[in-house]
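Report on the following structure.
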Amino acid sequence: IVAAITDLRPLMQVQDALHDRNEEMKMFLYKASHDIKGPLASIKGILNLALDESLDTDTRNRYIHMAINSAIKLDNAISDLVKVSQVHNQPIQVSQVKVPMLINKIMGELSLTEVSKEVDLQLSSNIYMPFWSDKDILHTMLENLMINACTYKKGGPVKHRVKVSVDSYHKGVRIVISDNG
């Protein structure tokens, strides 16, 4: 009788990690499809309303502008998906990041876009220690959060405000992005 005994723990750990990764992928695909379906459904519905021949020109134009805004949201969702796939496939490159400077750069980029129109972008920073991270991944995450904070705002008389706070936290950094929308 010949017996071979193998420790299956490493294989089980790999299997568990693969299962967790598959669950993350399912959640990501669900969210991605939701982020795309919403604006697409809006575009279809609005354009169907705009086809009504009895509409006056101003109403039709308002519907067309609503469809354009939904198309912009759809385009942003697709751009986010592309960014996520690019970040996911890149090797991590850790370097020292000056977080307030990175956030100021993102705010400057956002100020040139339509998404931040009529949005008061504010930065509050009390960071005094170096922070090490992958600058590109951090840039993408912060940019997406700030775009979302700018995009999803309430209408009304109160000016929309997005505030980014950066503080030292234990051995790292705490970044809080808040808005009044």
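The values are calculated or read from the model by the stated rules, or taken from the named source; none is laboratory data. In this text, all values refer to a predicted model and were calculated from it rather than measured experimentally. FYI the Cβ positions are ideal-geometry reconstructions off the backbone, even for glycines, and counts take in every protein chain you see. Ligands, DNA and RNA are excluded from the accessible area calculation, which covers all protein heavy atoms including side chains. Shrake-Rupley method; radii C 1.70, N 1.55, O 1.52, S 1.80 Å.
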Exercise. Of the peptides 70-80, 25-35, 11-21, how do they stack up when ordered by the mean number of other Cβ atoms within 10 Å, highest first?
Worked result: 70-80, 25-35, 11-21
Exercise. Got a number for the accessible area of residue 140? Probe 1.4 Å, square angstrom, nearest 10.
Worked result: 20 Å²
Exercise. Relative to the first principal axis of the alpha-carbon coordinates of the chain, what is the inclination of helix 99-111, with its axis defined by its Cα atoms, in degrees from 0 to 90 and to the nearest 10?
Worked result: 30 degrees
For this session: Compute the semi-axes of the equivalent ellipsoid of the chain, taking the square root of 5 times each eigenvalue of the Cα gyration tensor, and list them largest first in whole Å.
Result: 40, 28, 12
Exercise. So how tilted is helix 57-89 from the main axis of the chain? Cα-based, degrees 0 to 90, rounded to 10.
Worked result: 10 degrees
Problem set entry | Accessible area of residue 9 in the full protein assembly, 1.4 Å probe (Å², nearest 10) | 150 Å²
Exercise. Any idea how far the Cα center of region 1-77 sits from the one of region 79-118, in Å?
Worked result: 21 Å
Problem set entry | Distance in nm between pseudo-label sites at residue 154 and residue 135 (7 Å out along the Cβ direction from Cα) | 3.9 nm
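Once Rh for region 67-160 is found with the Kirkwood sum over Cα pairs, what is the Stokes-Einstein diffusion coefficient at 25 °C and 0.890 mPa s, in µm²/s?
164 µm²/s
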Exercise. Can you list residues whose amide H is under 5 Å from residue 97's amide H, if they're 5+ apart or on another chain and H is modeled 1.01 Å from N?
Worked result: 131, 132, 133
